[in-house]
Amino acid sequence: MSAQGGGPLHFLRRHAVALATWAVVIGGWEVASHVVAKGLLQGSPRVPSIEFLATTTLKSLSGSWTLHKWAPNPATGGRETYLGAFLALGYHSYYTLERVLLGLAVGGLAGVGTGLLVSYSRVVRRIAWGPMNFMRMVPLLAAIPLFEFWFGATTTGTTTFIGFGVWVLLVVATINAVGNVPNAYAESARTLGASRLQTYARIVVPRALPELRTALLLAAGLGWSLAIGSEYIGLRTGLGTIMASAQATANTGRMIIIAVIVIFYALLTFALLDRAFARMVRWMPQQATASIWIGGVASAGAGAAVSVVEDEEFAVGA
């Protein structure tokens, strides 16, 4: 089989470093589970072994929900089962996923829309840039209690908070993406008789979309983090609720299981969004798309677009 065949041997060679890293991490964890003191914290070792996580800890999650007609209820004397554990995880995952998707939708539309409007209009830019910069500097985790007080410990409050965090990321990324569109595109369109609005809508915005790819993927991961953080305070459903309960009882095993599940969901969301976005910009040359992926919006968080925003008209002209 050739090196290009994509067989098991080719996979091992291509991912040898990653596989070795995971082997070291898993092996180190197992060693730590036997070296660290065995004292139990509310029934969970300080560093639980993988076997303990996959058996005792996982099955203990079967009591983490209220709909027990499909599996025994440990709260009423029923035994802990894997079926009950997976049903409980699915139950709470559904509520967290709902909040993440709603927050991403609201924050994504608002962030990209605001960024496009600010990039197009000098008047809007001068009025909104100061307040936007202030809101961009608000620590998101510190804002969780405020959103809980304003909107309550509900799906509305959680969704609004996720939307706000995603908006903060995407509005700056959108401004940065529009600002990076070469002036030659707009100048060519204006030379051919296109109006300023036509140039912006049909030339600048489509050309800026591929650069938003990295920001949207970052927003997907951020959405899961914000969801868990907001569910941590006050809500009765969601994976963050299980995490809060585990923290209150020092159940490190549950914390690890929920963390792994959230990472898996975030990576899955990342992959699906990446594939969907790739289809949206399939008209973009492969090489240009790849270079945008590498460059990304690394300067968005650092506020590199500030000087551009205040002095330029983002390749559209006055």
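Figures for the structure shown
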| quantity | calculated |
| --- | --- |
| Gain in span if fully extended, Arg196 to Ala128, counting 0.36 nm per residue against the direct Cα distance | 22.3 nm |
| In nm, spacing of pseudo-spin labels at Ala276 and Leu12 (7 Å Cα→C-beta vector) | 3.8 |
| The stretch 92-145: C-alpha gyration tensor shape, a/c 1.5 cut-off, then a/b vs b/c | oblate |
| The stretch 179-237 - percent of accessible surface contributed by carbon and sulfur, probe 1.4 Å | 58 |
| 15 Å beta-carbon shell around Ile162, net charge (K/R +1, D/E -1) | -2 |
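The values are calculated or read from the model by the stated rules, or taken from the named source; none is laboratory data. Worth saying up front: this structure is predicted, and the values here are computed from it rather than measured. Counting neighbours? That spans all protein chains shown, and the Cβs are built from the backbone with ideal geometry, glycine included. Please note that ligands, DNA and RNA were not included when accessible areas were found on the heavy atoms of the full protein model with its side chains. Shrake-Rupley method; radii C 1.70, N 1.55, O 1.52, S 1.80 Å.
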